[in-house]
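The values are calculated or read from the model by the stated rules, or taken from the named source; none is laboratory data. These numbers come from a predicted model, not from an experiment. Every residue, glycine among them, receives a Cβ derived from its backbone with ideal geometry; neighbour counts consider all protein chains shown.
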Amino acid sequence: MTVVVLGVVVSACSGTPTPQPSTTPTTGVLRGHVVGSGGPSPGTVFPLPATVTIRTLPGDILVRTLTLGPAVEFGEHVPPGTYRVQADCGGVHDVDVKPGQTQDVTLICGIA
């Protein structure tokens, strides 16, 4: 009986292993929003609608263009690398994206 049990265990362990899917993330996330800042002292900060572009650095290759309403947050999966995120109202931020990580971006546009 002991021999049979060992034979079963050995045959069960000697089968072909099932390949497991990779769990290594291949993208990161750029997440952010656009705000206006300004007005009479002490000033205020408020959400703004904007068109946001995401471009590679170096190379200046357009990755995405997003149209945001007021108080809308964006979130885009992108390959690892360095990006320039820019709002049409003037807010700009350069950011390094790493696999599996989220980089938060606040684009601030000065309003008189």
* Asked: What number goes with the only condition from (1) surrounded by 13 or more Cβ atoms within 10 Å (Cβ to Cβ); (2) assigned to a loop (DSSP other than H, G, I, E, B) that C109 does not pass?
  -> (2)
* V85 vs. criteria in contact with a Ser or Thr (Cβ under 9 Å, 6 or more places away or on another chain), farther than 24 Å from P47 by Cα, surrounded by 17 or more Cβ atoms within 10 Å (Cβ to Cβ) and in contact (Cβ under 8 Å) with a residue 24 or more places away in the chain -> no
* Set G69, G100: member being surrounded by fewer than 14 Cβ atoms within 10 Å (Cβ to Cβ), at positive phi and out of contact with any strand residue (DSSP E or B) (no Cβ under 6 Å at 6 or more places or on another chain) -> G100
* **Qualifying residue in the stretch 15-32 (condition: modelled with pLDDT under 90, at negative phi, surrounded by fewer than 11 Cβ atoms within 10 Å (Cβ to Cβ) and of a type in the set (G, A, S))** => yes
* Asked: When the stretch 36-82 is examined, which residues are found to be touching a residue at least 40 places away in the same chain (Cβ under 8 Å) and of a type in the set (D, E)?
  -> E73, E76
* Hits in the stretch 88-97 - residues which are in contact (Cβ under 8 Å) with a residue 24 or more places away in the chain and either loosely packed, with under 12 Cβ neighbours inside 10 Å or more than 10 Å from the chain's Cα centre (by Cα) (or both) -> D88, C89, G91, H93, D94, V95
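Matching residues to (1) outside any strand (DSSP E or B); (2) in contact with a helix residue (DSSP H, G or I) (Cβ under 6 Å, 6 or more places away or on another chain); (3) within 20 Å of C109 (Cβ to Cβ):
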residue	(1), (2), (3)
T24	yes, no, no
V29	no, no, no
G36	no, no, yes
I54	no, no, yes
D60	yes, no, no
L66	no, no, yes
V72	yes, no, yes
H77	no, no, no
G90	yes, no, yes
